[in-house]
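Beneath this line is the structure, given in structure tokens, with notes to follow.
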Amino acid sequence: MSLKVYIDGKLVEKDKAKISVFDHGLLYGDGVFEGIRSYKSLVFKLKEHIDRLYESAHTIMLDIPMSKAQMTKAVINTLKANKLKDAYIRVLITRGVGDLGLDPRKCKKASIIIITDNIVLYPKELYQKGLEIITVPTVRNLSSAVDPQIKSLNYLNNIMAKIEAINSGYQEAIMLNSMGFVAECTGDNIFMIKNKQLYTPPQSMGTLRGITRDAVIAVAKGAKIQTHENILTRHEIFNADELFLTGTAAEVIPVVKVDSRKIGNGKPGKITLQLLKEFNEITRKEGVKYKV
Ligand code: PMP
């Protein structure tokens, strides 16, 4: 069975899932998206993802031609049509078909695309061994430019940083903000543990308010770990006891080296592994249930 993709109310075969070359999503990256996951027929934090999608759309003045309840149904129906219990879900809203000018008013109707597929993970051994990452020159977008809270279809800011990491032989990179403070990674949030307390940069540092980030903060609070949203410098990161990244795709992944500096004892930390385990447990327990 070939994969079916949802486009504007229809489920079409993957090979036939096409949009116009005049769609401003393609011409200008004018649109928004979300990355969501389901585990064992439970969609994790679906409401939070849909709320964030509509917030991104609201800021760029893009009308999603469907209610949140209809969007929830469309996501579930796409998962069911593909008989996927464990999936990565990508929801895209493009500005729609217009002409070659920037003017979004030329685009009469936004397009809704929902892709569900098997999830490609980082290799399992990385979760046991931990990642090595670097800081890259490209700084995170300013909130006064394209706010990092907008999950826009133009991800070049992050792609530039990713290219710099790859060019240096690394898979992930720390992005600083224009003041030189730690913002986040190219597709993940960053956390450190120091003296058994948890630290992560606040939104004002150019950090996306990740849904996994919020879930991990909740898990940490439940485990009576003191949590702080603080400005973090590279110096503080280098001297952390433990370090890890969070994201819908990566989940919770330990980091053991930054810019050639060993973090802690160079192995995934105890608290990190505890949070990773508890996060994995909640993703298998909580969520919007569906039957395939
Ligand atoms: N930062 C960036 C830049 C991202 O693209 C993502 C992935 N959406 C994250 C952080 C993690 O966010 P979430 O936990 O909501 O997937």
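The values are calculated or read from the model by the stated rules, or taken from the named source; none is laboratory data. Computed from a predicted structure; not experimentally measured. Here Cβ is always computed from backbone atoms with ideal geometry, including for glycine, and neighbour counts include all displayed protein chains. Only protein heavy atoms, including side chains, enter the accessible area calculation; ligands, DNA and RNA are left aside. Shrake-Rupley method; radii C 1.70, N 1.55, O 1.52, S 1.80 Å.
Listed values, structure above:
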quantity	calculated
Candidate set: the stretch 169-198, residues that are more than 19 Å from the chain's Cα centre (by Cα) and buried (at least 22 other Cβ atoms within 10 Å of the Cβ); chosen: the one farthest from the ligand (Cβ to nearest atom)	Ile193
Filter result for the condition that a residue is in contact with a Ser or Thr (Cβ under 8 Å, 6 or more places away or on another chain), under 25 Å from Leu3 (Cβ atoms) and surrounded by fewer than 16 Cβ atoms within 10 Å (Cβ to Cβ), over Lys73, Lys85, Lys18, Lys40	Lys85
From the options Lys85, Lys73, residue that is more than 21 Å from the chain's Cα centre (by Cα), modelled with pLDDT of 95 or more and not in a strand (DSSP E or B)	Lys73
Residue that is out of contact with any helix residue (DSSP H, G or I) (no Cβ under 9 Å at 6 or more places or on another chain), away from the ligand (no atom under 12 Å from the Cβ), of a type in the set (Ser, Thr, Tyr) and not assigned by TED's automatic domain parsing to the domain that holds Leu53, where the choices are Thr233, Thr227	Thr233
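Condition check ((1) without any contact (Cβ under 8 Å) to a residue 40 or more places away in the chain; (2) of a type in the set (A, V, I, L, M)) across all residues:
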site: Asn195; (1), (2): no, no
site: Ser204; (1), (2): no, no
site: Thr207; (1), (2): no, no
site: Gly210; (1), (2): yes, no
site: Arg213; (1), (2): yes, no
site: Ile217; (1), (2): yes, yes
site: Ala220; (1), (2): no, yes
site: Ala223; (1), (2): no, yes
site: His228; (1), (2): yes, no
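The rows are residues; the columns are (1) open to solvent by less than 60 Å² (accessible area, probe 1.4 Å); (2) closer than 27 Å to Asn82 by Cβ; (3) away from the ligand (no atom under 12 Å from the Cβ).
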{"residue": "Ile112", "(1), (2), (3)": "yes, yes, yes"}
{"residue": "Glu125", "(1), (2), (3)": "no, no, yes"}
{"residue": "Gln128", "(1), (2), (3)": "no, no, yes"}
{"residue": "Asn141", "(1), (2), (3)": "yes, no, no"}
{"residue": "Gln149", "(1), (2), (3)": "yes, no, no"}
{"residue": "Met160", "(1), (2), (3)": "no, no, yes"}
{"residue": "Ile163", "(1), (2), (3)": "no, no, yes"}
